[in-house]
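Colleague: Take this structure, written in C-alpha cells, and hold onto it; I'll ask about it next.
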Amino acid sequence: MACNSCATGEDGQPKGCKNNGTCGTDSCNKLTVFDWLANMSLPNGQKPFIGVEVRFKNGRKHYYKNTENLTLSIGDIVATQAKSGHDIGMVTLTGELVSIQMKRKKVRLDDAENVLKIYRKASQKDIDIWSTARDKEEPMKVRARQFAIDLNLKMKISDIEFQGDGSKATFYYTAEERVDFRELIKVFAREFRTRIEMKQVGFRQEAARLGGIGSCGRELCCSTWLTDFRSVSTSAARYQQLSLNPLKLAGQCGKLKCCLNYELDSYLDALKAFPKSDIKLYTEKGNAVCQKTDIFKGLMWYAYEGEWMNWHIITTEQANEIIEKNKKREKVASLEEYAAEHIEDTKNEFENVVGQDSLTRFDSPKPNKKRKNNKSNRNNKNRNNNKGNTNTNKSQNRNRNQKPKAKTNAKPNAKKD
C-alpha cells in the first residue's frame, strides 16, 4: 500500500524507496497526521475511540467505526464496508486524534450513511484480489481516454480507482463544461466487464490526486498538506507587484497558484501605510505622479509631469505629509528637498565571511601577461638577430669561395711595342 515509486513487489518488499509506505518525503503518506498520543495510555475506565481513519488510493480518506473491537495500528490493511461489496484500505490514524479530525472536518460518528464499519483485517486473498485490480488501472486508463476521444467528448479521464474486491471501477475526469457520457458508460461496461462510476473533480483536485513537483522544487502543496482550496484571484498578484504572466502564475492544474495567498495578508498590512498610487503630489515645481513603490523598504518613486525620466525617491511618511499639505491647499517647494536624503550609494561592500582564508586560494594562478609579452618580444629579437647573422655568414662564405683575380701592371692607355 504505497505510491507508484515504492509499491509492493513480488516478495512483499517495496520496489523503490524501501520504506514500505512510510516515505520521509510524504509521497506515500499524503496528508498524514502524526499521532502524538500513540505512546500515552488512556485514563482508567475510559474506552478507546472506535473511529478509525483509513486511506485509499491517492490520499483519499474516510472514517470508519471499529465495531468489532479489532486491535488496529497505523499501517494495517483492513477490509472496510462499501455501498456494495467491500473495499481495501490502510489505517492511517487511530485513537483520540480521530475524533479531533472528525470534528474539524464536521463528520459525525452517528452518520450511518457516511461513516461505515470495518469488517476485518485483510487476508492474503483480499490483498491478492486488490493488487490484481490495481494492476489493471493503468492500461484501462489509456483505453478509456481513447474511447472518449472517439466519441468527441470534451473531457479528460485523469485517474481510475478499483474497489478492493474488484467489483467496481471509479473513473475520475475533468471537464470545462457539462458532458453527456451516457454512451461512454455503455462502451466502458461492454469493454471492461465491471460496474462503472463516473466522478467529476476540479482541476486542483486532480493535481492533488496525481501529485507532482512545483516550480519551487518541492512537492505540490495540495498533495502533501493543503486540504482546503481557497479561491485565488489576480488581485493577489497585483498587491504583491508580480508581473501578470499566466505561465509563471499558473500551477500544474492550470489555475493560479495557491501559494499566492500565503503572504497576501502581510502585503495588505504593509500597504495600509502607503498612499494610493493614483494620487498626485502638487508642488511649486510641478505635479508629481507615482511611478513605482517598494513595499519592503517603504519607498516611493515620483516623477514630474513632463520629466518622466527623472525619478525622485521619498518615503511613505513624506508622501503622506505632502498629501496632507495638499489637502490644506498648501504646496511644498519641490520633491528634491525630500529626495536628497535617499540618494542610494551604488558601491557594494563585501565582507570576508570565511576568516583569513582567501576564496581563490585553490584557483590556478593566472600567468603574467606582461612577462609573457616581454619574453615573446625577446625571443623574436633573438630570432631576427640569428637570421641576420646567418645571412652575413653566408655572404662571407660566398666571398671566400670566389677565386681572386690576377693583378696586371699594364696601364690601359699604354702603347704596344
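The values are calculated or read from the model by the stated rules, or taken from the named source; none is laboratory data. As the structure is a prediction and not an experimental result, all values here were calculated from the model. Here the Cβ positions follow ideal geometry from the backbone for every residue, glycine too, while neighbour counts run over all protein chains shown. Ligands, DNA and RNA are stripped out before the accessible areas are found, and what is left, the full protein with its side chains, is counted by its heavy atoms. Shrake-Rupley method; radii C 1.70, N 1.55, O 1.52, S 1.80 Å.
Colleague: According to a simple spin-label model (label point 7 Å from Cα along Cα-to-Cβ), what is the distance in nm between Ser41 and Gln205?
Modeller: Reported label-point gap for Gln205 and Ser41 is 4.5 nm.
Colleague: Something else about it: Per residue, what accessible area does the stretch 241-334 have, given a 1.4 Å probe and all protein chains present, in Å²?
Modeller: 64
Colleague: Within the stretch 132-275, what whole-number % of the accessible surface is contributed by carbon and sulfur, with the 1.4 Å probe and all protein chains included in the calculation?
Modeller: 51
Colleague: A further question follows. Long-range amide H contacts for Leu299: which residues qualify at under 5 Å (H placed 1.01 Å from N, peptide plane, sequence gap of 5 or more or a different chain)?
Modeller: Hits under the 5 Å cutoff: Asp294.
Colleague: Please give the per residue accessible area of the stretch 115-232, computed with a probe of 1.4 Å over protein heavy atoms only, in Å².
Modeller: 59
Colleague: Considering only DSSP beta bridges where both residues belong to the stretch 150-218, give the percentage that are antiparallel (nearest 5).
Modeller: 50
Colleague: Now for a different question. Considering amide H positions built from the backbone, and no H for Pro or chain starts, which residues 5 or more places from Gly212, or on another chain, come under 5 Å of its amide H?
Modeller: Residues meeting the amide H criterion: Leu220.
Colleague: Using the Karplus curve 6.51 cos²θ - 1.76 cosθ + 1.60 with θ = phi - 60°, what ³J(HN,Hα) values do you get for each residue of the stretch 290-300, in whole Hz, with x for Gly and Pro?
Modeller: Values, residue by residue: 6, 10, 7, 10, 10, 5, 5, 8, x, 10, 9 Hz.
Colleague: A further question follows. Loop only per DSSP, at most 10 neighbouring Cβ atoms within 10 Å: give me the trypsin sites (Lys or Arg not before Pro) in the stretch 155-209, ordered by residue number.
Modeller: Those satisfying the criteria are Arg178, Arg193.
Colleague: When a/c reaches 1.5 or more, the comparison of a/b and b/c decides; with that in mind, is the stretch 153-292 rounded, prolate or oblate per its Cα gyration tensor?
Modeller: prolate
Colleague: What is the stretch 256-345 by shape, rounded, prolate or oblate, if you read a ≥ b ≥ c off the alpha carbon gyration tensor as root eigenvalues and call it rounded for a/c under 1.5, prolate for a/b larger than b/c, and oblate otherwise?
Modeller: Cα axes put the stretch 256-345 in the prolate bin.
Colleague: Let me ask you something else. With a/c under 1.5 counting as rounded, go ahead and sort the stretch 47-160 into rounded, prolate or oblate using the C-alpha gyration tensor (a ≥ b ≥ c being the square roots of the eigenvalues; past the cut-off, prolate if a/b is larger than b/c, else oblate).
Modeller: Prolate, because a/c is 1.5 or more and a/b exceeds b/c.
Colleague: Any idea how far apart Ser215 and Lys276 come out in nm if each label point goes 7 Å out from Cα toward Cβ?
Modeller: Between Ser215 and Lys276, the label points sit 3.1 nm apart.
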